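First up is the structure itself, then whatever we jot down about it.
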Amino acid sequence: MPYYDYECKSCGHEFETFQSMSDAPLQECPECRKESLRRLIGGGSGVIFKGSGFYINDSRNKSGGDQGGGSKNGSSQSSPAASSAK
């Protein structure tokens, strides 16, 4: 359910409220009690992902494509564990 912004044409009071998309727009101002509210059109906040694994940095290096001219951990050199296993 999204948040909607409202503004009163009479007193200028602005507020936001949490409403279902199927609810009718509010009409009465909570400050002056006049029926002169209008719903403001906003850009919205877009999609919000919660939890781990949704950041750009999380999936960039795991896909195998390295951007930026080299790895961060120096994988071009052999590690001591890899050389002792030979």
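The values are calculated or read from the model by the stated rules, or taken from the named source; none is laboratory data. Model, not experiment: these values are computed from the prediction. Cβ coordinates were reconstructed from backbone atoms using ideal geometry, including for glycine residues, and neighbour counts include every protein chain displayed.
Key figures
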{"quantity": "Where a residue in the stretch 8-22 is in contact (Cβ under 8 Å) with a residue 24 or more places away in the chain and under 17 Å from Ile41 (Cβ atoms) and its partner, wherever it lies, is assigned to a loop (DSSP other than H, G, I, E, B) and among the polar types (S, T, N, Q), with Cβ under 8 Å and at least six apart", "calculated": "Cys8/Ser36; Lys9/Ser36"}
{"quantity": "Every pair of residues 6+ apart whose Cβ atoms lie under 7 Å, when the first sits in the stretch 23-35 and is under 10 Å from Cys8 (Cβ atoms) and part of a loop (DSSP other than H, G, I, E, B) while the second is at pLDDT below 95 and of a type in the set (Lys, Arg)", "calculated": "none"}
